[in-house]
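Asker: Just passing along the structure, written as structure tokens.
Quick note: the coordinates plus some simple rules give every number you see, no bench work behind them. Values in this document were obtained by computation on a predicted structure and should not be read as measured data. Note that each Cβ is placed from the backbone with ideal geometry, even for glycine, and that neighbours are counted across all protein chains shown.
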Amino acid sequence: MRLFYTDVFVLPLPPGHRFPMEKYSRLRHSLLASGEFRPDDFHLPPAASDEELGRAHDLAYIRAVADGRLEKSAEKQIGFPWSAAMVERSRRSAGATIAACRAALKDGVAANLAGGTHHAFRDRGEGFCVFNDAAVAARAMQAEGRAGRLLIVDCDVHQGNGTASILRGDDSVFTFSMHGARNFPFAKEASDLDIELPDGCPDEAYLQQLDHGLATAFDLARPDLVIYLAGADPYRDDRLGRLGLSMDGLAERDRRVFARCRQQGVAAAIAMAGGYARQIDDTVSIHRNTICLARRTWG
């Protein structure tokens, strides 16, 4: 199973910033220490090009990001200060999901050990998201003739509003978002399928809704490839989550997504998406469990 990482592209953040960037390097080292992966399973991805980004984003926005011409209000909406490192990291994160999609279509499954930047819109970023890696990668697979129909299964606790907006009206890419009803973003976009969950939603209720959503989404999407945003933030001790899932519940979520892909004979490219647990080791454990389960599922 090929894994694509970007944590060596360090994004400098001001003291006290609430985004846990260190989770990415901890995840890679945890996977290496697990004994389930070899060093040559880990790959640095190429940066996404302007052409690749431009299939999902306005060129003027891409150039403003690249050249450091974002308004201060736009930087504030993203949540990161502009830097050359921010640009490189954002391009590499999108490139990692593109690379994971290519690898998954060959091997059955692959993962970006970051990504899931689903709040980025065509012409702006928000919520710690600069470029929308899932939308960029979906369009890349189509442009390269690798996949005609795609399904984005977004199980981050926050709605994939940017993904829904970019891909609205595109019948070849089905967007399914399962998220907290009262969580960010407070003004939701319309995905092809949205399942909104109440605060404190526990394992059993979540998994029932997931089964219904997966059955509907696979039936309507008829995908050649699934891009799965395996957010760790539905966890009950996540600072930004508001749902009530246990670690076992999240593992069962992943198992059901992967089982559906296997039953349908569809490859899966995984992105990590959000995770803000009070104990960062909890977030790392949830992400590690996702990747290890994927490897075991596909052999």
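Asker: Taking 0.36 nm per intervening residue step and subtracting the Cα-Cα distance, what contour gain separates ARG55 from ASP237 on full extension? Could the numbers behind the result be given before it?
Answerer: Values: separation 182, 0.36 × 182 = 65.52 nm, distance 3.70 nm.
Fully extending the segment from ARG55 to ASP237 adds 61.8 nm.
Asker: Could you run the Debye sum over the Cα atoms of region 140-299, one equal point scatterer each and no solvent, and tell me log10 of I(q)/I(0) at q = 0.10, 0.14, 0.19, 0.21 Å⁻¹, two decimals?
Answerer: These q points yield log10 I(q)/I(0) values of -0.32, -0.65, -1.21, -1.45.
Asker: Something else now. Can you give me the Cα centroid spacing of region 8-75 and region 159-234 in angstrom?
Answerer: Result: 23 Å between the Cα centres.
Asker: I've got another one for you. Quote the relative contact order of the chain in percent (integer), defining contacts as alpha-carbon pairs under 8 Å separated by 6+ residues. Kindly include the intermediate steps, with their values, before the conclusion.
Answerer: Values: 634 pairs, mean separation 57.8, N = 299.
In percent, rounded to a whole number, it is 19.
Asker: Run the simple label-point estimate for ALA259 and ALA85 please: 7 Å along Cα→C-beta, distance reported in nm.
Answerer: Roughly 4.3 nm, to one decimal.
Asker: Would you mind ranking LEU293, LEU27 so that the residue whose beta carbon has the fewest other beta carbons within 10 Å leads the list? Present the calculation step by step, with values, prior to reporting the outcome.
Answerer: Values: LEU293 17, LEU27 26.
By the 10 Å Cβ count, ascending, the order reads LEU293, LEU27.
Asker: Looking at the square roots a ≥ b ≥ c of the eigenvalues of the Cα gyration tensor of region 114-220, which shape do they give, rounded for a/c under 1.5, prolate if a/b is larger than b/c, or oblate? Don't skip to the answer; put the middle values down first.
Answerer: On the way: a/c = 2.13, a/b = 1.28, b/c = 1.66.
Judged from the Cα gyration tensor, region 114-220 comes out oblate (a/c at least 1.5, b/c at or above a/b).
Asker: Give me the lysines in straight-line cross-link reach of LYS72: C-alpha distance below 18 Å, same-chain residues under 8 apart excluded.
Answerer: Counting by Cα, and skipping residues close in sequence, LYS72 has no lysines nearby.
Asker: Could you tell me which of rounded, prolate or oblate describes region 51-142, using a ≥ b ≥ c as the square roots of the eigenvalues of the alpha-carbon gyration tensor, with rounded for a/c under 1.5 and, failing that, prolate when a/b is larger than b/c and oblate otherwise? All intermediate terms of the calculation are to be shown ahead of the outcome.
Answerer: Values: a/c = 2.32, a/b = 1.90, b/c = 1.23.
The shape class here is prolate.
Asker: Cut-off under 21 Å on the C-alpha distance; same-chain residues fewer than 8 positions from LYS188 excluded. Which lysines are left, in chain and number order?
Answerer: Within the straight-line cut-off, LYS188 pairs with LYS76.
Asker: Counting other Cβ atoms within 10 Å of each Cβ, which trypsin sites (Lys or Arg not before Pro) in region 206-273 have at most 15 and sit in a DSSP loop?
Answerer: Working: sites: ARG236, ARG239, ARG242, ARG253, ARG255, ARG256, ARG260, ARG262; in loops: ARG236, ARG239, ARG242.
Loop-located and lightly packed - ARG239.
Asker: Further question: Suppose R0 equals 45 Å. What FRET efficiency, 1/(1 + (r/R0)^6) with r the Cβ-Cβ distance, do LEU44 and ALA205 give to the nearest 0.05? Spell out each step's value before the answer.
Answerer: Details: r = 40 Å, r/R0 = 0.89.
E between LEU44 and ALA205, to the nearest 0.05, is 0.65.
Asker: Find the relative contact order for region 99-228 and round it to a whole percent, using C-alpha pairs within less than 8 Å whose residues are 6+ positions apart.
Answerer: On the way: 223 pairs, mean separation 31.4, N = 130.
Result for region 99-228 is 24 percent.
Asker: Next question, about the same structure. Tell me what the chain gives for mean residue ellipticity at 222 nm when only DSSP H runs of n ≥ 4 count, each as -39,500 (n - 2.57), the sum divided by the residue total, rounded to 500 deg cm²/dmol.
Answerer: On the way: 10 runs with 129 residues, N = 299.
After summing the helix terms and dividing by the residues of the chain, the value is -13500 deg cm²/dmol.
Asker: Using only the Cα atoms, what convex hull volume per residue in Å³ does the chain have?
Answerer: Numbers: hull volume 33.8 nm³, N = 299.
Here the figure is 113 Å³ per residue.
Asker: Hey, if you drop one equal point scatterer on each alpha-carbon of region 46-95 and run the Debye formula without solvent, what base-10 log of I(q)/I(0) do you get at q = 0.14, 0.26, 0.32 Å⁻¹?
Answerer: For region 46-95, the Cα-only Debye profile gives -0.32, -1.07, -1.32.
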